[in-house]
Amino acid sequence: MPTADFHLPKDANLFQEGGLVQAILMLQYTFVTEIFKFIARFFQVEVVQVHIVIACPLLLSDKPQDINYFMRKTFLYTLFALIVLTSCKSEKGKAGIGFESNLVLADSLILHLDEKSTSEFNYHQISEFAKNESFLNLNLVNQSLDFYSLETGKLIYRIPLNSHGPEVVPNLGGFFFHNKDSIFILPKMSLFNTTLIDLNGNFSKGYSPISHEDQLVPGLINHFSNSANPTYFIKNSLYFDQGILKNTAAPGVLAENYRLSGRFNLDTDSVFLFPKSGFPHFYQDKTFPIYLSVSSRILDSELQWIYSWNALDSILIFDLEMENKKSFYSKSKYRDQNFPSIANAGPSESLELIISNTHYCKIIHDPYRKRYLRFVQLGRNFDPYTDNSISSVFKNDFSIMIYNENWELQDEYFFNGNIYNLYHSFIGKKGLYMPKTNPFYTSLDEDNVVFDIFEIK
Amino acid sequence: MKYIYLLAILSLFCCKKSSSQENKIEEYLDTLEIPKSNKVLIIYIDGCTSCFVNHKTLTEEASKNDEYQIIVVTKSRKKAVLLLGEDLIPKVYLDTDLIAVESGLVSGFPVVFSFSEDGRLMNVTQIDYSSKNLSLP
């Protein structure tokens with residue numbers, strides 16, 4: 001005789017009575033599972049965990065023949081699990097949502113890209129041009145320097161760069177716009193053939209400096225310049241960074257003396273590498289993949305060098321000629337474990353280390369509001385099946401630490417991964433511009449790129 | 001009995017998808033609906049910004065050889081057109097979802113997958129741009 005509450009006789013054996021009982025049980029199981037899958041999605045819990053939470057009481061029950069007993073136990077287990085899940089949910093300070101914030105989404109700009117431009121903004125600079133606050137971008141695909149108005153988002157000027165002939169800059173890898181008569185076009189992995197042009201693209205002067213420093217490869221400067229480590233023109237010199245040429249995952253390499261920043265004097269055509277620009281003391285007894293052994297280095301409006309090393313909590317500050325140093329200890333609230341120091345880590349091991357450990361990446365200065373913004377990539381679970389390239393790090397969530405001019409931390413804000421490309425972000429008069437150019441952003445319009453503008457207080 | 005079920009649950013955490021390079025490339029070609037040929041060249045053009053000239057040279061070389069299927073992996077179709085030119089684009093397949101990167105078939109330098117007559121994967125060769133001679137296998 002059918003019963004309304006599906007109560008079985010105490011002596012019924014679930015696994016032998018077969019058909020109907022198992023079907024009822026499966027229906028109940030499915031029903032409960034679906035409810036909790038819905039709740040799990042809200043709490044961002046894996047579906048497999050839901051099955052485990054619900055199946056455990058059934059499978060471990062001393063009385064598997066009693067469906068009511070199973071349901072009671074399921075209820076208690078799931079209630080307990082929900083309490084745990086709710087209590088574990090971290091407080092993530094999302095920018096500008098629901099409370100007083102120092103970082104508020106205030107506006108957005110659409111950058112209109114023509115048929116010769118792509119959404120790659122690794123080499124950019126903000127400057128006044130033709131009475132416009134302008135976003136200057138080195139267009140490597142088109143071999144040109146493109147100027148966009150930050151008011152309208154439109155292309156307002158373009159300098160074609162020679163791709164052939166004696167005045168070509170081989171291995172184009174950066175630029176510095178000083179004024180309309182002095183635009184430096186910089187090569188990558190060298191300072192040879194650094195070129196000075198004017199606004200019409202006319203060649204003014206070429207430089208091939210000689211370095212007399214005692215280096216790993218004599219005379220070679222492994223120069224690079226990008227938005228996290230720009231090369232600057234100051235007092236007739238170019239101040240630059242260079243990359244290390246050794247494997248930093250090998251023991252002892254980070255303990256050696258390096259000079260990773262330097263000054264290229266354009267008057268004397270000579271290079272001087274700063275003795276204090278090597279790895280900080282923190283690195284010296286460790287081994288790290290190269291991605292964690294680099295820094296972001298910028299010049300602020302007080303002509304101080306600000307270094308944010310990827311694995312180091314402290315921020316290092318030097319004067320222009322890198323003689324005096326200050327440091328401020330400041331740790332991201334999302335960094336809760338020390339970096340494992342694995343000697344001779346292979347590519348896969350290195351990738352896991354980078355993706356699964358919270359680390360610092362880029363620092364920028366806001367001269368308008370006297371703030372410093374430090375980006376932090378937040379560690380997540382490494383997936384060996386889909387995390388196959390360093391670009392997977394763009395899936396990681398990130399945070400922004402905001403400091404005032406006295407290096408007092410104001411707050412730290414959480415951002416989801418897969419949307420913004422933090423290396424393309426910059427400061428303008430309106431605030432922090434963050435383009436939606438993450439490699440995993442699925443709604444990218446190749447002709448109209450959205451830059452969200454965050455007001456900084 | 002309950003210990004058996006407990007073991008079954010624990011085994012959920014131990015089960016890992018295992019997929020060989022051969023399975024991956026076959027699944028990849030099926031997903032993009034690309035007919036398998038003797039050689040498949042995959043070039044990830046978003047990976048190295050200073051390799052644009054080499055990417056184009058390599059694509060030109062491979063396009064002259066009927067044995068090759070060429071797949072260009074990039075988020076941006078526009079970039080592929082700008083980089084390779086209108087003439088080369090009809091000769092390549094585009095992977096704009098970066099599936100080859102996600103599945104680990106390519107990460108930096110271009111890769112050639114060589115198959116035997118009966119369709120078995122024989123060789124995987126990475127093209128090293130640091131050598132002066134950009135020769136295809």
Counting only the heavy atoms of the protein chains, how much of A:Arg259 is accessible to a 1.4 Å probe, in Å² to the nearest 10?
70
In percent, how large is the relative contact order of region B:91-137, given Cα pairs closer than 8 Å and 6 or more residues apart?
25
³J(HN,Hα), Karplus 6.51/-1.76/1.60, whole Hz, each residue of region A:294-311, x for Gly, Pro:
10, 10, 9, 10, 10, 9, 8, 6, 8, 6, 10, 8, 10, 10, 10, 7, 4, 10
Based on the mean of other beta carbon atoms within 10 Å per residue, what is the order of B:123-130, A:103-110, A:417-424, most packed first?
A:417-424, A:103-110, B:123-130
Amide H neighbours of A:Gly174 under 5 Å, at least 5 residues apart or on other chains, H built in the peptide plane: list them.
A:Leu186
Keeping all protein chains in place, calculate the accessible area per residue for region A:362-457 (probe 1.4 angstrom), answer in Å².
34
The answer for A:Ser277, listing residues at least 5 apart or on another chain whose modeled amide H is closer than 5 Å to its amide H, is A:Leu260, A:Ser261
If you average the sequence gap of Cα pairs under 8 Å that are 6 or more apart and divide by the length of region B:2-126, what percent do you get for the contact order?
28
When you look at the Cβ of every residue in B:68-80, what mean number of other chain Cβ atoms sits within 10 Å?
3
Quick one: if you stick a label point 7 Å off each Cα along the C-beta vector at A:Asp285 and A:Thr268, how many nm between them?
3.9
Theoretical gain in end-to-end length, B:Asp97 to B:Gln126 [0.36 nm per residue, Cα-Cα removed]
8.3 nm
Between A and B, buried accessible area summed over both sides at probe 1.4 Å, in Å² to the nearest 100?
2500
Mind ranking A:Val376, A:Val294 by accessible surface for me, highest first, 1.4 Å probe?
A:Val294, A:Val376
Quick one: which of A:Lys116/A:Lys429; B:Lys39/B:Lys91; A:Lys131/A:Lys430 span more than 20 angstrom between C-alpha atoms?
A:Lys116/A:Lys429
Ignore the peptide's own chain and count Cβ atoms of other chains within 10 Å of each Cβ in A:133-143; give me the average, rounded.
2
Over all residues in A:381-388, what is the mean tally of Cβ atoms on other chains that come within 10 Å of each residue's Cβ?
3
Under-5 Å amide H pairs with A:Asp411, H placed in peptide plane, nonlocal only:
A:Ile402
Across region B:60-70, in residue order, what do the Karplus-derived ³J(HN,Hα) couplings come to in whole Hz, using 6.51 cos²θ - 1.76 cosθ + 1.60 with θ = phi - 60° and x for Gly and Pro?
4, 4, 5, 5, 7, 10, 5, 5, 9, 9, 10
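The values are calculated or read from the model by the stated rules, or taken from the named source; none is laboratory data. Note that the coordinates shown come from a computational prediction; the quantities given were computed from them, not determined experimentally. Cβ: placed from backbone, ideal geometry, glycine included. Neighbour counts: every protein chain shown. Heads up: the accessible areas ignore ligands, DNA and RNA and are worked out on the full protein's heavy atoms, side chains in. Shrake-Rupley method; radii C 1.70, N 1.55, O 1.52, S 1.80 Å.
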